[in-house]
Amino acid sequence: MNNKKIIVAIDGFSSSGKSTMARELAKRVGYVYVDSGAMYRAVTLYALRHGMVNADHAVNRKELVAALPSIHVSFQPAGADGVQHTLLNGEDVEKVIRDMQVSALVSPVAEIPEVRERLVDLQKKFGEHKGIVMDGRDIGTTVFPNAELKIFVCASPEERARRRLKEMQEKGENVSYDEVYNNVVERDRIDTTREVSPLRKAADAIELDNGDMTREQQMDRLLSHFDEALKKNCP
Ligand code: DC
């Protein structure tokens, strides 16, 4: 039995299914799973709740940066529902951070360098003992540039919008396909063009297009990459 552990970085576009893949991989190999997008969402929720968003949906950067020391994001280990819950200053916000209102504002919040700096520091701490699967946009490039396994997940915007719509409708949210599609495209644009840590594939990342793959096929592929990385790095 090999007790040595690696870091797995999974990056990709919004709604590419990377969180589901990352969570499932972590469960299968007994690693900790960290959803870094949830951290940006929690900070966005804080901004919304504290009147830092004006009527034109612009975030007051100055106020949010000043409030950063009072924003504490953490995770509660998976409970009976098998889902790890995101906590904002101790409050379970797992459900509310997935709302359309937060989704529409999270990319501009994630563009703020001070917000990134604070969350990246925290993310690096989560990986100190390895044995972690983290998903996001800059995990293989900025947070863990030395991760032993890097995966870059992609699928077309149409496919991703369909998945997101289904997810939201299952939660009882009343949104249209066009609304979701526009949000996916706009987030892609902001995520790939922002100045700090834009979304891009790390040179040593393995690309995984999961457009026509079943969940089982994705997991088989991931597990074989994981085994290979483990053998190579922890012989
Ligand atoms: O993965 P997600 O859709 O929950 O991420 C929410 C937003 O957070 C997304 O628009 C981009 C941003 N994000 C980021 O900038 N860097 C990360 N490591 C993770 C997410």
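The values are calculated or read from the model by the stated rules, or taken from the named source; none is laboratory data. It should be emphasised that the depicted structure is a prediction, and the values quoted were computed from it without experimental measurement. All Cβ positions, even for glycine, are placed from backbone atoms using ideal geometry, and neighbour counts span all protein chains on display. We work out accessible area using only protein heavy atoms, side chains counted, and drop any ligands, DNA or RNA first. Shrake-Rupley method; radii C 1.70, N 1.55, O 1.52, S 1.80 Å.
Where does the chain land at 222 nm, in deg cm²/dmol rounded to the nearest 500, when only DSSP H runs of n ≥ 4 count, each adding -39500 (n - 2.57), divided by all residues? Don't jump to the answer; show the numbers that get you there.
On the way: 8 runs with 108 residues, N = 235.
Calculated at 222 nm, the ellipticity per residue is -14500 deg cm²/dmol.
Once both labels are modelled 7 Å past Cα along the beta-carbon direction, what's the ALA66-VAL196 spacing in nm?
1.8
Considering only the other residues whose Cβ falls under 14 Å of the Cβ of MET21, what net charge follows from Lys and Arg at +1 and Asp and Glu at -1? If you can, show how the numbers build up before the last one.
Working: positive: LYS18, ARG23, LYS27, ARG28, LYS150, ARG160, ARG163, ARG215, ARG221; negative: ASP11, GLU24, ASP35, ASP135, GLU207, ASP209, GLU216, ASP220.
So the environment of MET21 carries a net charge of +1.
Can you tell me which of 138-146, 123-131 comes out highest on packing, and rank the rest after it, using the mean Cβ neighbours within 10 Å?
Values: 138-146: 21.9, 123-131: 14.7.
Final packing ranking: 138-146, 123-131.
Between the helical axis of 18-29 and the dominant principal axis of the chain, each derived from Cα atoms, what acute angle in degrees is found, rounded to the nearest 10?
The answer is roughly 40 degrees.
Measure nothing but the geometry: give the 0 to 90° angle between the long axis through the Cα atoms of 177-193 and the longest principal axis through the Cα atoms of the chain, rounded to 10°.
Rounded to the nearest ten degrees, it is 70.
To the nearest whole percent, what portion of all C-alpha pairs in the chain is separated by more than 24 angstrom? Provide the component values of the computation, followed by the final result.
Numbers: 11994 of 27495 pairs.
Of all Cα-Cα distances in the chain, 44 percent exceed 24 Å.
By how many degrees, between 0 and 90 and to the nearest 10, does the Cα long axis of helix 215-233 differ from the longest principal axis of the chain?
Tilt of helix 215-233: around 60 degrees.
Take the Cβ-Cβ distance between THR214 and CYS234 as r, set R0 to 35 Å, and report the resulting FRET efficiency rounded to the nearest 0.05. Present the calculation step by step, with values, prior to reporting the outcome.
Numbers: r = 30 Å, r/R0 = 0.84.
My answer for the efficiency is 0.75.
GLU91 to ASN146: FRET efficiency via 1/(1 + (r/R0)^6), r the Cβ-Cβ distance, R0 45 Å, to the nearest 0.05? Show your work: numbers first, answer last.
Values: r = 34 Å, r/R0 = 0.76.
About 0.85, to the nearest 0.05.
With each label point set 7 Å from Cα along the Cα-Cβ vector, what nm distance links ALA58 and GLU158?
If labels sit at ALA58 and GLU158, their model points lie 3.7 nm apart.
Starting from the 7 Å offset along Cα-to-Cβ, what nm value, one decimal, do you get for the label separation of GLU186 and LYS125?
3.3
Take every DSSP beta bridge with both residues inside the chain and express the antiparallel ones as a percent of the total, to the nearest 5.
30
On full extension of the chain, what length is gained from LYS171 through VAL83, given 0.36 nm per residue of separation minus the C-alpha to C-alpha distance? Mind showing how you got there, number by number?
On the way: separation 88, 0.36 × 88 = 31.68 nm, distance 1.50 nm.
Length difference between fully extended and current span is 30.2 nm.
In square angstrom, what is the accessible area per residue of the chain with a 1.4 angstrom probe? Can you show the working numbers first?
Details: 11840 Å² over 235 residues.
For the chain, the per-residue accessible area is 50 Å².
Can you send over the carbon and sulfur percentage of the accessible area for segment 1-129, probe radius 1.4 Å, protein chains only? Intermediate values should be presented prior to the final figure.
Working: 3260 of 6230 Å².
Ligands and nucleic acids excluded, carbon and sulfur reach 52 percent.
Using alpha carbon centroids, what distance separates segment 1-76 and segment 132-158, in Å?
After rounding, the separation between the Cα centres reads 13 Å.
Students often get this wrong, so check it: of LYS124/LYS166; LYS5/LYS171; LYS18/LYS95; LYS62/LYS171; LYS18/LYS166, which have C-alpha atoms separated by over 27 Å?
Working: LYS124/LYS166 33 Å; LYS5/LYS171 36 Å; LYS18/LYS95 18 Å; LYS62/LYS171 34 Å; LYS18/LYS166 16 Å.
Cα-Cα > 27 Å for LYS124/LYS166; LYS5/LYS171; LYS62/LYS171; rest within.
Under a Cβ-Cβ cut-off of 14 Å, what is the net charge of the residues other than ASP121 that fall near it, where Lys and Arg count +1 and Asp and Glu count -1? Could the numbers behind the result be given before it?
Working: positive: ARG116, ARG118, LYS124, LYS125; negative: GLU114, GLU117, GLU128, ASP138.
After counting each charged neighbour, the total is 0.
Report relative contact order for the chain in percent, whole number only (criteria: Cα-Cα under 8 Å, sequence separation at least 6).
Values: 336 pairs, mean separation 76.7, N = 235.
Computed over the chain, the figure is 33 percent.
If I take R0 = 41 Å and measure r between the Cβ atoms of LEU223 and MET100 in this structure, what FRET efficiency does the formula 1/(1 + (r/R0)^6) give, to the nearest 0.05?
Efficiency computed from Cβ-Cβ geometry: 0.75.
Could you compute the net charge surrounding CYS234? Neighbours are other residues with a C-beta less than 12 Å from the C-beta of CYS234; K and R count +1, D and E count -1. If you can, show how the numbers build up before the last one.
Working: positive: LYS4, LYS5, LYS130, LYS231, LYS232; negative: GLU148, ASP227, GLU228.
After counting each charged neighbour, the total is +2.
Among THR214, THR193, THR86, which one shows the highest mean-square fluctuation when the chain is modelled as a Gaussian network with alpha-carbon springs under 10 Å?
Top of the fluctuation ranking is THR214.
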